[in-house]
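Please read the structure below before turning to the comments.
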Amino acid sequence: MRTLSFLLILFVMLLSSCSKKEDVKTELDAFTVPKISQLDEKYLVTTEEHLLQPDARGAMRFYYNGNRVVKRDWWPDAVYDTVIYTSPNTITLIQKDILPGVDYNTLKREIKVFNGQVVQKISYDNVSQPSRNDTIDYVYDQQQRLTQTIQKTPYRLTTRQFYYDGNNNLQRVYTTTIDRYDAYVYPSAEELFGGYDNKPNPLKGATLWHDILYRSLSQNNFTTYSHTDHNGTQTRNWTLVYDAKGQVDFSR
């Protein structure tokens, strides 16, 4: 009887262990990045501010191992991001330079994933000032749409609110920033998106990189953008290029 009880307990423990392993595996398994071969930075827009600005410039190329993206590089800067799946719910991006003798390993980002979504991103300046970093928390609604980001740097707290239309296309981002020490409120900013086509968005879900984030949130593809703050309004417009199948080609 004692042996039977021991075997039953052991069976339950093994079952529980397997169940937990399967649960944690699904965090990254449920997170997918659409397969993008190339992307031109002229289509991208971002207003996030970091100690080190990890913006891509020029033509970007993406590399995959199976369904997982493992690298992004871009020219003419000869810089690339390695994508490392470091734990069951963490992805690490490290930016490097391919030029010999150049130490560009100054930018590290840790991305936490839950329920198939990016829920936190921590950016480190891990060479010059390792204590200075910023953290962004991501909030979603029941439709899995990004509705808020909260960015905490050593000195500021920036909140962005995201608004969508009935077609699940991003329409507006409203940004407020306060000083973390004296509670000074900085001038707010508003970003507007429009001119959407009716084609599927090939970048939807590509949320690993902040410079692609705005392009990754909508069902379709915007062609107009404006940013308004205390300095005035800036606008951008794009003429999208489509391939033979009628799909947007962001590499051209």
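The values are calculated or read from the model by the stated rules, or taken from the named source; none is laboratory data. Note that the structure is predicted; figures quoted are calculated from it, not measured. Don't worry about glycine lacking a Cβ; one is built from the backbone with ideal geometry, like all the others, and counts go over all protein chains shown.
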Is there a residue being more than 26 Å from ASN231 (Cβ to Cβ), in contact with an Asp or Glu (Cβ under 7 Å, 6 or more places away or on another chain), in a strand (DSSP E or B) and not aliphatic (A, V, I, L, M) anywhere in the range 134-149?
-> yes
Would you be able to tell me the number of residues in the range 137-157 that are surrounded by 14 or more Cβ atoms within 10 Å (Cβ to Cβ), within 13 Å of GLU49 (Cβ to Cβ) and without any contact (Cβ under 8 Å) to a residue 60 or more places away in the chain?
-> 4
Selection over the range 60-78 where residues are assigned to a strand (DSSP E or B) and either closer than 13 Å to LEU28 by Cα or in contact with a strand residue (DSSP E or B) (Cβ under 7 Å, 6 or more places away or on another chain) (or both) yields a count of 13
Mind listing just one residue for me: the one in the range 181-213 that is small (Gly, Ala, Ser) and farther than 23 Å from LYS121 by Cβ and, of those, surrounded by the most Cβ atoms within 10 Å (Cβ to Cβ)?
-> GLY194
Conditions: (1) under 17 Å from LYS121 (Cβ atoms); (2) at pLDDT 80 or above; (3) surrounded by fewer than 14 Cβ atoms within 10 Å (Cβ to Cβ). ILE94 meets all but one. Number of the miss?
-> (3)
How many residues of the range 160-174 are buried (at least 17 other Cβ atoms within 10 Å of the Cβ) and within 23 Å of ILE122 (Cβ to Cβ)? The answer is 3
Taking the range 57-75 and keeping residues under 23 Å from THR86 (Cα atoms) and either of a type in the set (Ser, Thr, Tyr) or modelled with pLDDT under 85 (or both) leaves TYR63, TYR64
The residue from ASP182, ASP197 that alone is over 20 Å from HIS50 (Cβ atoms) and either in a strand (DSSP E or B) or in contact (Cβ under 8 Å) with a residue 12 or more places away in the chain (or both) is ASP197
Yes or no: PRO187 of a type outside the set (Phe, Trp, Tyr), touching a His at 6+ places or on another chain (Cβ under 6 Å) and part of a loop (DSSP other than H, G, I, E, B)?
-> yes
Can you pull out the residues in the range 220-237 that are in contact with a strand residue (DSSP E or B) (Cβ under 7 Å, 6 or more places away or on another chain) and not polar (S, T, N, Q)?
-> PHE222, TYR225, HIS227, ASP229, ARG236
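Residues checked against (1) modelled with pLDDT of 90 or more; (2) on the phi < 0 side of the Ramachandran plot; (3) in a strand (DSSP E or B); (4) of a type outside the set (A, V, I, L, M, F, W, C):
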residue: LEU7; (1), (2), (3), (4): no, yes, no, no
residue: LEU28; (1), (2), (3), (4): no, yes, no, no
residue: GLU49; (1), (2), (3), (4): no, yes, no, yes
residue: TYR80; (1), (2), (3), (4): no, yes, yes, yes
residue: ILE84; (1), (2), (3), (4): yes, yes, yes, no
Only one of ASN220, ASN167 that is closer than 29 Å to TRP74 by Cβ and of a type outside the set (D, E, K, R) | ASN220
